[in-house]
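The values are calculated or read from the model by the stated rules, or taken from the named source; none is laboratory data. Fair warning: this is a prediction, and the values are worked out from it, not measured in the lab. Cβ placement follows ideal geometry from the backbone for every residue including glycine, while neighbour counts extend to all protein chains displayed. Each accessible area value is taken on the protein alone, full model and side chains, heavy atoms only, with ligands, DNA and RNA left out. Shrake-Rupley method; radii C 1.70, N 1.55, O 1.52, S 1.80 Å.
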Amino acid sequence: MSEQLKFIVDTLNKEPFKRNYNLISFDALEPLQLLQVLNDVFAEIDSRNAYVQSTPSPSTPGSPSTKDRNKLDIREEAADQTAIRMLGILKILKYKPKTDNTSEFRQGLVMGDKPTVYHILEWVLQRVPDLKKRAYLARFLVKIEVPPDFLQDDAVADCNQQYEELVEQFKELHKEFTELKKSGFSTSDIKKDIQSMEEEKEQVVRRIERLKKKVESVPNFDRMMDTARKLRQEKERELSLANQKQEQKNQLMHADQRYQRAMNQLKDLQRAAKGASAEALIEKLQEENNVNTYLGQEKLPKEIEAKRKVVADLQKVVLEPAMGQSDLDELHTKIKVSNAEINQLIEKRMMRNDPIDDKLSIFKQQASIIAKKKIQAADEIQSTKDELAATEQELSEKRQMARELEGGEVLKGDEFKRYVNKLRGKSTVYKKKRQELAELRAEYGVLSRTEEILRQRDENAQRALEGLEAKKGVSGYHDTQEELEKVSTIKSELDEMKGKTLDDISDMVLKLTSTISEKKSALAPVIKELRPMRQKCQEMSLVYEEKKAQYDNRAAGYETDRSKLEQEVRTYREECGAEESRYHYLQSMKKVVDTQLIRAQEEMKLYLSTDPQDKKKSCREQYSRKIQEQENLGKTLREKQKAVRESHGPSMRQMKMWKDFEKLMECKRRCFLGERNAERTMGGTDYSGDVGGEERLVL
């Protein structure tokens, strides 16, 4: 409420209202005074006779002192008329009350309720320019409702028809006026353009007149003018025909291109529909539906979940405090302990040698291979879709460029046919190559991604296995495991080809298990020889770490020394630049001093010279002469000043005496004229102050 009241008071104190309210005085206004303020605001928005009167009337406290606007005093108006008038203007302004109860709003407006009036004032004062425009348009666009009974009269109907036509005409004119205001053209610019065009027109007319005068004396003038006129007309006709010819060629080329595209589309559709049936189309749609279902329900949710996990991990890392070297060492230790536990669990699982688990591992491996192939196929489909979208985008861009470049040179006849044939051949080759390239790219992307994943997994497994083998003293077990996996893969492929039963698979697993045990016993002496080598490797690793730490310390020291030297070099360069600037400044000052010294020497020569002419040229003589002239001038002016001061008093007295004399003479003249006029009116003799034809002054 306070913010609302503050906004209303601040706005009313500004232009064009110029009130002198404050929060206390405005809040203390009576309901009638509030309605008067609201009426004055409506008068500012719509200054029609309903809100303004022609004679002055008392105003509310705080009203402006200007006399250019005399608002209507609502005390001289009935309350119901005031309410009807204000509701009408609010309806025109499309005001929406804050309450849905219309009767309550009307009663609050009639009674001058503060919340109701405050809300109206706030809404109106926020939109004064727009509401002024709306009120102006409402004068002409709010139609007068004529009862149907009156429209039965032909005169009234015609008048109403004209009124509606004028309203529509006003709409069009106002729309044009608004567009002209938005276009940025001003009447002054248009007048200047018209004036400049008229001047150019006058110049052209004068030139034409001069040319006519020049050629009028030429023989066969009329015939030559007629011939020139016909020549100009034929040239214009030739130009229009050339333009028509060019347009028809462009239309023909566009029609050929459209025909060619339509034929290509028809051939593609025929090839696609060749040998196709309803069952094949349904099967194709089902395949597409299955692929899209897999992408939308399995692949994309997994990728989104993986991305969310990555984002969560990154956020967790960001929220963690800064870690020092001790924290990193502790994490490395935990990682090593976890890897060791994992290796122990893997070793226990491998030492268990459960035939059922071995059988299940084969099926699990096959299932994982199928799942990987499924993921790879989905990735390939997604990459193909992306490539298709990029190709379509490129095609649309090329089409846009082609449409923009349609106005280029057009091939004709055999050249166009050869160009079309050559373009068709290149297009066929390009499509084949592009398809091959797309296939190769897709295959390369899948293979490279697969290779990267497998290499990373192999490296991790290799490191873990090496650590486990080093810990258990069974180095070489991984090679045996790889042979086992190869044999398992070969066995699975043979089972798929020959359809062997599960008994054969079990026998093969037993044989492989015995082979593994034999390999373990054979690798035992090699593992014993490998243990001292691993110990030696660990010792060398410790030495390497120490040497690396020493190298890092030395490198850090050298880097510090290098930065110090760079700072010193930078300082010396700045000092060198400052000294160079000082040197150039001193050189300039030296040149100035040398110039002044040369002038002083020349002045000394002229001063010591015996030649009077040379002495006159010296600066000393010239300045001495000017000083003497100024001293003489000052002396003369001082003498004049003294004379003026001495004669000032007598002159002023003489001037005063002459003014008094002038007043005295004027008085005598008026007296004389008055006496003469009196004697004439009395019919006496014509007496004048003339004696012997002369005017005399008697004192």
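Structural remarks
- Computed over protein heavy atoms with a 1.4 Å probe, the carbon and sulfur contribution to the accessible area of the stretch 120-262 reaches 54%.
- Listed by chain and number, the lysines whose C-alpha is less than 22 Å from the C-alpha of Lys94, apart from same-chain residues fewer than 8 away, are Lys114, Lys132, Lys133, Lys143, Lys171, Lys175.
- Filter on Lys471/Lys536; Lys374/Lys486; Lys374/Lys431; Lys96/Lys182; Lys302/Lys348 - keep pairs with C-alpha separation over 25 Å: Lys374/Lys431; Lys96/Lys182; Lys302/Lys348
- Principal axis dimensions, largest first and in whole angstrom, of the stretch 266-314 by Cα: 54, 22, 9
- The stretch 127-266 - accessible surface per residue (Å², probe 1.4 Å): 89 Å²
- Full-extension gain in nm, Ser188 to Glu209, via 0.36 nm per residue minus C-alpha separation: 4.4 nm
- Each peptide in 543-556, 10-23 gets a packing score, the mean of other Cβ atoms within 10 Å over its residues, and the list from highest to lowest is 10-23, 543-556.
- Whole-angstrom Cα spans of the stretch 126-273 along principal axes, big to small: 79, 77, 46
- Candidate lysines - alpha carbon under 25 Å from Lys640, same-chain residues fewer than 8 apart omitted: Lys626, Lys656
- Qualifying aspartates and glutamates (Cα of each under 14 Å from Cα of Lys336; at least 8 residues distant if same chain): Glu466
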